[in-house]
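Read through the structure below, which is laid out as structure tokens, and then see the notes.
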Amino acid sequence: MASKPPTGDPVQDAPDVTAPQHAAAGLPAIGHTLRIAQQQMGLRRTALTLLKVNQKDGFDCPGCAWPEPDKRHAAEFCENGAKAVAEEATLRRVTPAFFAEHSVTDLAGRSGYWLGQQGRLTHPMYLPEGADHYEPVTWDRAFEIIAGELTALDSPDEAVFYTSGRTSNEAAFLYQLLARELGTNNLPDCSNMCHESSGSALTDTLGVGKGSVLLHDLHKADLIIVAGQNPGTNHPRMLSALEKAKAGGTKIITVNPLPEAGLQRFKNPQNARGLALGGTPLTDLFLQIRLGGDHALFRMLCKRVLETDGAVDTAFVDTHTHGYEEFRRTALTADWDETLRATGLRRDEIETAADMVLAARRPIVCWAMGLTQHKHAVNTIKEVVNLLLLRGAVGRPGAGVCPVRGHSNVQGDRTMGIFERPSPAFLDALQKEFGFTPPRHHGLDVVRAIRALRDGTAKVFMAMGGNFVAATPDTDVTEAAVRRARLTVHVSTKLNRSHVITGARALILPTLGRTERDRQATGDQFVTVEDSMGMVHASRGRLEPAAPHLLSEPAIVCRLARRVLGDRTTTPWDEFEKDYATIRDRIARVIPGFEDFNTRVARPGGFTLPHAPRDERRFPTTTGKANFTASTVEHPHVPDGRLLLQTLRSHDQYNTTIYGLDDRYRGIRGGRRVVLLHPDDAHAHGLPDGSYTDLVSEWTDGTERRVEGFRVVHYPTARGCAAAYYPETNVLVPLDHTADASNTPASKSVVIRLEPANGARPTDNG
Ligand SMILES: Nc1nc2c(c(=O)[nH]1)N[C@H]1C(S)=C(S)[C@@H](COP(=O)(O)OP(=O)(O)OC[C@H]3O[C@@H](n4cnc5c(=O)[nH]c(N)nc54)[C@H](O)[C@@H]3O)O[C@H]1N2
Ligand SMILES: Nc1nc2c(c(=O)[nH]1)N[C@H]1C(S)=C(S)[C@@H](COP(=O)(O)OP(=O)(O)OC[C@H]3O[C@@H](n4cnc5c(=O)[nH]c(N)nc54)[C@H](O)[C@@H]3O)O[C@H]1N2
Ligand SMILES: [Mo]
């Protein structure tokens with residue numbers, strides 16, 4: 001299987017490389033923010049829009065899910081949030097004339113960057129069977145086409161309803177209701193590729209699949225471990241929280257194969273120290289771990305706690321936990337040789353980390369994709385929980401677990417029932433409230449949905465946002481699978497690859513973004529979102545919609561539901577569309593923690609959802625206690641001469657949305673087809689910096705996957721560990737290579753070999 005880079009772009013992918021930086025943000029970040037924003041929005045719109053980001057009367061940043069502090073700065077956004085806003089509030093437009101000019105074949109040859117740069121979608125568009133051009137279609141006709149295909153299915157389980165994490169609570173609640181009234185739990189979402197491993201691990205161990213700390217806990221912690229996360233790029237506002245903690249004496253341990261700029265030193269653009277002085281050094285101890293070595297590391301830290309007199313919080317363990325004895329016996333067998341091999345660390349580094357853990361009374365562990373996207377991700381996160389439980393560090397101020405979410409409302413979408421394996425209690429509540437019988441059997445997650453499309457057992461694919469074919473693993477397999485569908489439907493703001501890799505027929509339904517005014521029959525509406533720490537608040541767009549034909553996401557679901565369900569539904573879809581407060585009234589009756597939703601969300605700043613472990617040290621697990629886990633330590637096995645590849649984000653992208661071709665902090669400019677290698681690994685392969693190589697992934701079933709012509713960058717990564725950008729390298733991730741229990745694609749541990757490129761350096765491969 002080989003993937004040729006798309007050709008025909010005006011973009012040249014010719015990376016230019018300098019030394020990586022040691023600090024993030026500062027004045028250059030402000031300059032970049034304003035330049036990118038102005039290019040897309042012009043000066044006046046830039047000022048108007050950026051001043052409303054994350055303000056109590058404004059809209060929630062469509063960037064990441066990091067919470068807002070209670071006392072807000074006038075500029076409560078970061079460089080990358082501003083890019084996300086500019087991407088949506090752009091003045092560029094993709095009109096029917098654009099589709100008349102560009103065939104689907106033409107568009108399928110363009111890079112994702114080029115597609116995204118074309119601007120906002122303005123009209124519903126339809127691709128008839130056999131056609132190569134999308135044509136404009138009325139909303140009514142579009143819904144009729146979808147209803148026709150859904151009605152023709154042998155079973156509602158032949159339809160798949162995907163969600164990306166930007167969808168509001170209101171839209172998500174209606175969308176899952178539509179799918180379940182239709183009769184399916186096929187509600188895969190981006191979370192399946194993201195924090196599913198965290199959700200699985202935390203639900204089993206603590207009883208709630210969410211983080212147990214609030215923003216002020218981070219300020220109060222005396223030790224913060226940041227493992228497998230690059231906040232300088234992906235959660236820049238988190239650096240302000242770390243800076244504040246640091247000012248109060250908090251120690252920070254960073255666990256990462258890469259020395260990420262933001263974690264080393266932060267120059268806060270919101271204060272004089274950040275702007276004029278050298279910024280704040282953040283990391284006290286940097287553990288440059290090998291990919292996938294975290295399970296072994298956290299197990300050894302547990303062992304050190306167990307071996308130290310008085311270090312285990314026995315009162316907490318006795319009262320609140322289950323499985324301690326078995327865990328203790330297992331953890332005491334942890335072996336130094338294996339630990340050092342798995343982590344690539346020195347013993348003294350791990351001892352220092354252990355001393356810091358033992359000295360801390362209020363530890364917090366933060367993590368993101370570096371822990372979740374591995375085969376043994378769930379057990380790794382359970383090991384993090386083991387460590388915190390030993391120290392009684394859950395449900396205590398300033399301590400706990402902090403999985404840092406990705407998409408701005410990915411956590412809220414789950415709370416609203418976007419889940420292929422809903423709990424019986426949730427379905428009971430739906431049944432009681434809406435008077436229908438929801439399907440009880442589990443639906444398809446992302447990977448299973450791809451298999452079902454591939455095997456012809458799923459025939460209609462609909463997506464509420466996102467970019468399914470680009471975000472998912474095994475690009476060639478996935479694209480072929482999607483092409484087998486009868487119909488593919490995308491509710492989107494911007495053009496992307498999923499619009500041009502289609503089923504027999506396809507629809508693009510353009511929708512309002514977060515930044516835009518949402519007018520319905522009863523007046524202006526707002527929507528709500530939940531951040532990474534369980535805070536729910538309102539989001540109100542202020543800009544005029546990108547085009548007069550756009551419908552909001554809730555309106556699209558309501559109209560589709562009326563058309564598809566017809567007489568079968570007694571749900572007041574009309575009312576919901578007219579007045580979103582009526583949706584929130586229903587959410588309040590179905591979902592615990594949302595009582596009095598409309599009143600509470602009207603308060604500036606919103607409200608915090610209850611969290612039993614955090615609030616009352618109550619653990620709603622199967623044992624009724626917090627569970628220790630005695631798993632066997634795992635780490636990836638890499639055959640001789642091979643490397644382990646992680647696929648990660650550059651500074652200039654939001655998942656599959658590419659803002660630009662630079663990765664400033666890593667010293668890479670003007671190109672994305674790069675592979676970061678330790679100089680010794682590169683030399684062992686005879687690859688000087690600046691040479692070109694193919695990356696070939698080797699899967700256990702003997703299949704191989706290849707990408708061609710990647711520029712070699714000598715980089716201070718851990719030995720044996722390579723890094724390259726997602727989504728260009730998704731083609732290398734085998735569909736069946738997923739995490740145990742959570743089924744999340746293991747995008748951070750792909751075994752590859754390097755085959756130096758003989759040919760000339762590629763020049764035109766955007
Ligand atoms: N600007 C911007 N913001 C974003 C996004 C974006 O694309 N752009 N995406 C959003 C989304 S959906 C998400 S989920 C988050 C993602 O946020 P991150 O998880 O920070 O994103 P990645 O780029 O995947 O970075 C993974 C980090 O983990 C490290 N790592 C990889 N493997 C391992 C490992 O085995 N062990 C350890 N200890 N470290 C490892 C990598 O070196 C890297 O620093 O960001 C969100 N915010
Ligand atoms: N190899 C590899 N693969 C990965 C990852 C990785 O680290 N490595 N990370 C995974 C992770 S963590 C995630 S979360 C997924 C992301 O997967 P997705 O969520 O599917 O992808 P995005 O790129 O975030 O989706 C971008 C598209 O969303 C649409 N959009 C933007 N805003 C809105 C809106 O307000 N409404 C609607 N309806 N549409 C909107 C636009 O059309 C845009 O093109 O990718 C996963 N894939
Ligand atoms: Mo994510």
Just one listed residue, out of His295, His320, is surrounded by fewer than 21 Cβ atoms within 10 Å (Cβ to Cβ) and modelled with pLDDT of 95 or more, and it is His320
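From the list Ala261, Ala353, which one is touching a helix residue (DSSP H, G or I) at 6+ places or on another chain (Cβ under 7 Å) and either surrounded by fewer than 14 Cβ atoms within 10 Å (Cβ to Cβ) or within 26 Å of Thr205 (Cα to Cα) (or both)?
Details: Ala261 fails: either surrounded by fewer than 14 Cβ atoms within 10 Å (Cβ to Cβ) or within 26 Å of Thr205 (Cα to Cα) (or both).
The conditions single out Ala353.
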Those residues of region 519-549 which are closer than 15 Å to Thr122 by Cβ and buried (at least 23 other Cβ atoms within 10 Å of the Cβ) amount to Ala546
Notebook entry, point to check: Residue check: is Gly392 crowded, with 20+ Cβ neighbours inside 10 Å, small (Gly, Ala, Ser) and more than 26 Å from the chain's Cα centre (by Cα)?
Noted result: yes
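Within the bounds of region 132-148, is there any residue that is within 30 Å of Leu48 (Cα to Cα) and modelled with pLDDT of 95 or more?
Of the residues in region 132-148, the ones within 30 Å of Leu48 (Cα to Cα) are none.
No, because not a single residue in region 132-148 is within 30 Å of Leu48 (Cα to Cα) and modelled with pLDDT of 95 or more.
Residue-wise test of (1) under 27 Å from Ala65 (Cβ atoms); (2) buried (at least 18 other Cβ atoms within 10 Å of the Cβ); (3) modelled with pLDDT under 95.
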| residue | (1), (2), (3) |
| --- | --- |
| Pro639 | no, no, no |
| Thr647 | yes, yes, no |
| His651 | yes, yes, yes |
| Val675 | no, yes, no |
By residue number, the members of region 12-32 that are at pLDDT 75 or above and of a type in the set (Val, Ile, Thr) are Val17, Thr18
Log entry, pairs with first residue in region 61-73 being more than 15 Å from Leu218 (Cβ to Cβ), second being at pLDDT below 75 and surrounded by fewer than 24 Cβ atoms within 10 Å (Cβ to Cβ), beta carbons closer than 9 Å, six or more apart or on different chains, reads Cys61/Glu76; His73/Gln270
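Every residue, every condition in (1) within 15 Å of ligand 2 (Cβ to nearest atom); (2) under 25 Å from Gly667 (Cβ atoms); (3) in a strand (DSSP E or B), yes or no:
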| residue | (1), (2), (3) |
| --- | --- |
| Pro716 | no, yes, no |
| Arg719 | no, yes, no |
| Ala724 | yes, yes, yes |
| Asp736 | yes, no, no |
| Asp740 | no, no, no |
| Ser747 | yes, yes, no |
| Ile752 | yes, yes, yes |
Filtering region 695-709 down to residues that are of a type outside the set (A, V, I, L, M, F, W, C) and surrounded by fewer than 19 Cβ atoms within 10 Å (Cβ to Cβ) yields Glu698, Thr700, Asp701, Gly702, Thr703, Glu704, Arg706
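Applying the selection to region 176-190, what residues are part of a helix (DSSP H, G or I) and either more than 10 Å from ligand 2 (Cβ to nearest atom) or farther than 14 Å from Ala463 by Cβ (or both)?
Once the filter is applied, which keeps residues that are part of a helix (DSSP H, G or I) and either more than 10 Å from ligand 2 (Cβ to nearest atom) or farther than 14 Å from Ala463 by Cβ (or both), region 176-190 yields Gln176, Leu177, Leu178, Ala179, Arg180, Glu181, Leu182.
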Within region 545-578, residues in a loop (DSSP other than H, G, I, E, B) and either without any contact (Cβ under 8 Å) to a residue 40 or more places away in the chain or more than 30 Å from the chain's Cα centre (by Cα) (or both) come out as Pro545, Pro548, Thr569, Thr570, Thr571, Pro572
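Could you run through region 597-649 and say how many residues are of a type outside the set (A, V, I, L, M) and within 21 Å of Glu530 (Cβ to Cβ)?
Just the residues of region 597-649 that are of a type outside the set (A, V, I, L, M), to begin with: 597-600, 603-608, 610-611, 613-625, 627-629, 631-632, 634-637, 639-642, 646-647, 649.
Next, from what is left, pick out any that are within 21 Å of Glu530 (Cβ to Cβ): 597-600, 603-608, 610-611, 613-616, 618, 620.
Of the residues in that region, 18 qualify.
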| message | For the structure I just gave you, tell me whether Ala97 is more than 16 Å from ligand 1 (Cβ to nearest atom), of a type in the set (Gly, Ala, Ser) and surrounded by fewer than 23 Cβ atoms within 10 Å (Cβ to Cβ). | response | yes
Condition set over 23 Å from Cys64 (Cα atoms) and modelled with pLDDT of 95 or more, scope region 249-286, selection nearest to the chain's Cα centre (by Cα): answer is Phe286
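Any chance region 144-166 includes a residue that's of a type in the set (Gly, Ala, Ser), in contact with a Phe, Trp or Tyr (Cβ under 7 Å, 6 or more places away or on another chain) and touching a residue at least 24 places away in the same chain (Cβ under 8 Å)?
Restricting attention to region 144-166, the residues satisfying the condition of being of a type in the set (Gly, Ala, Ser) are 147-148, 152, 155, 159, 164-165.
Subset that is in contact with a Phe, Trp or Tyr (Cβ under 7 Å, 6 or more places away or on another chain): none.
No; the residues of region 144-166 include none that is of a type in the set (Gly, Ala, Ser), in contact with a Phe, Trp or Tyr (Cβ under 7 Å, 6 or more places away or on another chain) and touching a residue at least 24 places away in the same chain (Cβ under 8 Å).
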Residue hits (region 668-678; in contact with a strand residue (DSSP E or B) (Cβ under 6 Å, 6 or more places away or on another chain) and in a loop (DSSP other than H, G, I, E, B)) are Gly670, Arg672, Arg673
Check your understanding: Going by the conditions given, is Arg361 touching a residue at least 40 places away in the same chain (Cβ under 8 Å) and either out of contact with any Leu (no Cβ under 9 Å at 6 or more places or on another chain) or polar (S, T, N, Q) (or both)?
Key -> no
Across (1) assigned to a helix (DSSP H, G or I); (2) among the aromatic types (Phe, Trp, Tyr); (3) under 15 Å from Pro236 (Cβ atoms), Phe98 clears everything bar (3)
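I'd like to check something: does region 220-227 contain any residue that is in the same structural domain as His320 (by TED's automatic domain parsing) and within 16 Å of ligand 2 (Cβ to nearest atom)? I'd like the intermediate steps shown before the answer.
Residues of region 220-227 that are in the same structural domain as His320 (by TED's automatic domain parsing), as a first pass: 220-227.
Remaining after also requiring within 16 Å of ligand 2 (Cβ to nearest atom): 227.
Yes, the conditions are met somewhere in region 220-227.
Does region 72-94 contain any residue that is in a helix (DSSP H, G or I), at pLDDT 95 or above and touching a helix residue (DSSP H, G or I) at 6+ places or on another chain (Cβ under 8 Å)? If you could, list the steps in order and put the result at the bottom.
Let us first name the residues in region 72-94 that are in a helix (DSSP H, G or I), namely 79-89.
Now drop any that are not at pLDDT 95 or above, which leaves none.
Looking through region 72-94, none of the residues is in a helix (DSSP H, G or I), at pLDDT 95 or above and touching a helix residue (DSSP H, G or I) at 6+ places or on another chain (Cβ under 8 Å).
How about region 299-309: which of its residues are over 30 Å from Ala23 (Cβ atoms) and either outside any loop (DSSP other than H, G, I, E, B) or touching a Phe, Trp or Tyr at 6+ places or on another chain (Cβ under 9 Å) (or both)?
Taking region 299-309 as the starting set, the residues that turn out to be over 30 Å from Ala23 (Cβ atoms) are 299-300, 302-309.
The answer is Arg299, Met300, Cys302, Lys303, Arg304, Val305, Leu306, Glu307.
The values are calculated or read from the model by the stated rules, or taken from the named source; none is laboratory data. Just so it is clear, the structure is predicted and the values come from calculations on it, not from any experiment. FYI the Cβ positions are ideal-geometry reconstructions off the backbone, even for glycines, and counts take in every protein chain you see.
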